[in-house]
Structures are given as structure tokens and as C-alpha cells.
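Any read-out appearing in this document is the output of simple, stated calculations on the displayed coordinates, not a laboratory observation. Only a predicted model underlies this, so the values are computations on that prediction, with no experimental measurement involved. Ideal geometry is used to build each Cβ from the backbone, glycine not excepted, and the neighbour counts take in all protein chains shown.
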Amino acid sequence: MTPRAETKPAASAAPGNIAECWQRIGVWSAEKSCPTLQAVIHCRNCEVFIQSGRRLLDQELPQTYRNEWAGIMASEKEEDELFQTVSLVLFRVEAEWLALRTQILSEVIDPQPLKRHSLPHRKNRILTGIINVRGEIQLCVSFKDLLGIEQASGKETGQAPYQRMMVINSDDGKWVFPVSEIIGIYRIHPATFQNVPVTVAKAQSTFTKGIFKWDGRYVAFLDDELLIYSLTRSVQ
């Protein structure tokens, strides 16, 4: 068996001359005149080519390249954090700040043109009556009484008791309830949720999944499934 020829760098590939020798005299050149090429068959088998590749991988990355990838990674992190957030509608009932998942919100309407009718022979503080919303009769309920929220004085809130009506969806239909103020829709990261303090009223804490801080205030994130279940039971 003919012994395999020893692989040696080409003479022209000496230090200072090895840069891209594979393009000048190797397989990617027109002449292919490298004396080592016959033994190694292809430049990728040559020690010169291999060492050049290692130096390329070991060299320090350019600052512009690092800055570009830092921006890409930061953007991906922001998108990932946005994907993990929860969309909530924030509102106030009396002096309590509350939040529900945006997915169950149907609409927010002005209470002025609405006429609420009480139900005869029904003594139920939570079910306050029926209301006509865009030609449809809906049940009107009191979150204040369901959650055990105390009456707030005008001095505490600085506003009239009820400014808006919120309409939420459920599998059994819609529920309408008055609120003192609508703050808006915001995305909140679950990592900001805190446990419910023991100082929170028992009825309210039952329906609260967590507390988070927004604009210097503590907001109670409500369990909408439990709320709707309790509302359904209260009107039966």
C-alpha cells in the first residue's frame, strides 16, 4: 500500500502569505497550483485552511456586530415579555381599584340614557334590576355588594358615585354593572402580582386572584370565572 503523503502547508502559505491562499492557489483559484493540493485533495483538509478557520472563530467580535446582536436580543426579550403579559381592563368601584381580563369585556356605556327597572317581589342586593342595552334586556348587578365594598364618600374619590356602566360576557349571556371610573386597558406581567393581604375584606379577597401596583395604587385582579358563577347563583 502506498503511504499517504504528509500534509504540509504550501511554501507560498508561509506566515504573512497565508491569507486566503486557498483562493489564490487552491481549489477556488483558476490555476490550482498549490503543491500540497495533490496530497490533501481539497483545501478544507489542509492544516493552513483549518488553522485560519480557528483564528477566525477565536478573534474578538467587532463592536458593531456585538451592538447589532445586543439590539436583536433585547427586541426578542421585549416581544417575549409582551407575549407573557395579561391584558386587563382597570376600573374603580367606590374607592376600590379593580381589574378584569379584557377578553370578557363587551363594552363600556354611559349610564345616563339607560333606564333600569327593579324587579318586583325580589329582595336581592346583588341583582338590582333589568336594563335595556341597545334593544336587549340585560341583568343589572352590583359589584359593590357582591364584593362587599364599602360606600365611599365624595371626598375620598372626588367624583360622583357612578360614571360608567360596564358590560361583560359570559356563557349564559351578558352582565351589566355600574362602576365609578374606567381607567383603561393595560398589559400587566404576572410576575408583578402579589398575594392578597389579610386586611382585604373577606368577600373581596374571595374573588381576588392577586394584587398588583399601578400608578401608585394597589389594584385587585378579579377571578372572572368565580365572579360570573357567583352572579349566576345569586339571581337563581
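For residue 163, neighbours were defined as the other residues whose beta-carbon sits under 13 Å from its Cβ, and their charges (Lys and Arg +1, Asp and Glu -1) total -1.
Summary of packing: across the peptides 216-224, 26-34, the per-residue average of other C-beta atoms within 10 Å ranks them, highest first, as 216-224, 26-34.
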